[in-house]
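Okay, so here's the structure we're looking at.
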Amino acid sequence: MQKSALEIYNFLNEKDLLRDSPKYWWPNAGTFEVVVGAILTQNTTWKNVEKSFGNLKGFLTLEAFCSLGEEELKNAIRPSGFYNQKAPRLLALAKNIHDEFGNFHSFEEQVTREWLLMQKGIADESADAILCYACYREEMVVDSYTKRLLKLFGIEFKRYREYKFFLEDGLREAFGDGELNLVYARFHGMIVEYNKRAHKLESLH
DNA sequence: GGCCAGGTGTAAA
DNA sequence: TTTACACATGGC
């Protein structure tokens, strides 16, 4: 029953789950928009994040985003919920990125996981989402879908990092260095798509 | 009408 | 360190 990370990867990879997705799965990978999306999607469906993005057209660069007022931002992100806490956290984060790194490109090259974890509103999962999909780092995201899927294979841990290392280490052996960022990015993407689909079809498996 | 969504911060034991 | 709870809209 217990499977390796590679076996789970292959199980998902056979299903062509990313057929309609971008290369890195997350929309507009490598842009500041990923940072905003990582916060907005916390305990929120992506559909509702897209509604907020629709209200933020023209403001999804670091510089433009910093020019938003708090009330203005709250209004725009209302569809994604928790807007009273997400708005100030997003503005503080954008301002800190600008003050610390100057522009998004420098942020992408220089930011560390530790720096992200110091920001209010960012914990393990959001930090890894930003590192993996905005900064192309070799960090794999673990979310509730991931834990749910691994449980189906009889795998359960207590801590976030145990899940993360189980998956990262298992794939590093199989793929080696070089394309690990892409492998991690797509692995997490497949896990999310599998759950979305499984939910729709009552039960796959 | 109730439950859940691509979580996080805080307070209290 | 662990647990409990607030945060909020929208879809089914």
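Of the helices (runs of 4 or more DSSP H) entirely within segment A:71-119, none holds at least 3 residues that are farther than 22 Å from residue A:132 by Cα and hydrophobic (A, V, I, L, M, F, W, C). When we screen A:172, A:161, A:186, A:148 for residues that are in the same structural domain as residue A:12 (by TED's automatic domain parsing), part of a helix (DSSP H, G or I), in contact with a Phe, Trp or Tyr (Cβ under 9 Å, 6 or more places away or on another chain) and among the charged types (D, E, K, R), the only hit is A:186. Kindly indicate whether residue A:110 is over 13 Å from the mean Cα position of the chain (by Cα), modelled with pLDDT of 95 or more and within 14 Å of DNA strand B (Cβ to nearest atom). So residue A:110 does not fit the description; no.
Rundown of residues vs (1) within 11 Å of DNA strand B (Cβ to nearest atom); (2) more than 20 Å from residue A:194 (Cβ to Cβ); (3) not assigned by TED's automatic domain parsing to the domain that holds residue A:173, yes/no style:
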position: A:40; (1), (2), (3): yes, yes, yes
position: A:43; (1), (2), (3): yes, no, yes
position: A:48; (1), (2), (3): yes, yes, yes
position: A:70; (1), (2), (3): no, yes, yes
position: A:79; (1), (2), (3): yes, yes, yes
position: A:82; (1), (2), (3): yes, yes, yes
position: A:85; (1), (2), (3): yes, yes, yes
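Every condition in (1) outside any helix (DSSP H, G or I); (2) touching a residue at least 60 places away in the same chain (Cβ under 8 Å) holds for residue A:68 except the one numbered (2).
So, of the residues in segment A:34-47 that are surrounded by fewer than 20 Cβ atoms within 10 Å (Cβ to Cβ) and part of a helix (DSSP H, G or I), which turns out to be farthest from the chain's Cα centre (by Cα)? By that ranking, first place goes to A:47. Within segment A:157-176, the residues that satisfy the criterion of being under 21 Å from the mean Cα position of the chain (by Cα) and not hydrophobic (A, V, I, L, M, F, W, C) are A:158, A:159, A:160, A:161, A:162, A:163, A:164, A:168, A:169, A:170, A:172. Applying the criterion of being crowded, with 17+ Cβ neighbours inside 10 Å and in a helix (DSSP H, G or I) to the residues of segment A:53-65, the residue that is nearest to DNA strand C (Cβ to nearest atom) is A:53.
Residue A:50 satisfies every condition listed in (1) at positive phi; (2) charged (D, E, K, R); (3) outside any loop (DSSP other than H, G, I, E, B) except (1). The sole residue among A:120, A:95, A:147, A:151 that is at pLDDT below 95, surrounded by fewer than 20 Cβ atoms within 10 Å (Cβ to Cβ) and of a type outside the set (A, V, I, L, M) is A:151. Evaluate the following for residue A:126: is it part of a helix (DSSP H, G or I), within 15 Å of DNA strand C (Cβ to nearest atom), modelled with pLDDT of 95 or more and not β-branched (Val, Ile, Thr)? So residue A:126 fits the description; yes.
Looking at segment A:131-144, which of the residues that are out of contact with any Leu (no Cβ under 8 Å at 6 or more places or on another chain) and part of a helix (DSSP H, G or I) is surrounded by the fewest Cβ atoms within 10 Å (Cβ to Cβ)? So the residue we want is A:144.
The values are calculated or read from the model by the stated rules, or taken from the named source; none is laboratory data. This one's a predicted model, so the numbers in the text were calculated from it and none came from an experiment. A quick note on method: Cβ atoms are made from the backbone with ideal geometry, for glycine too, and the neighbour counts reach across all protein chains shown.
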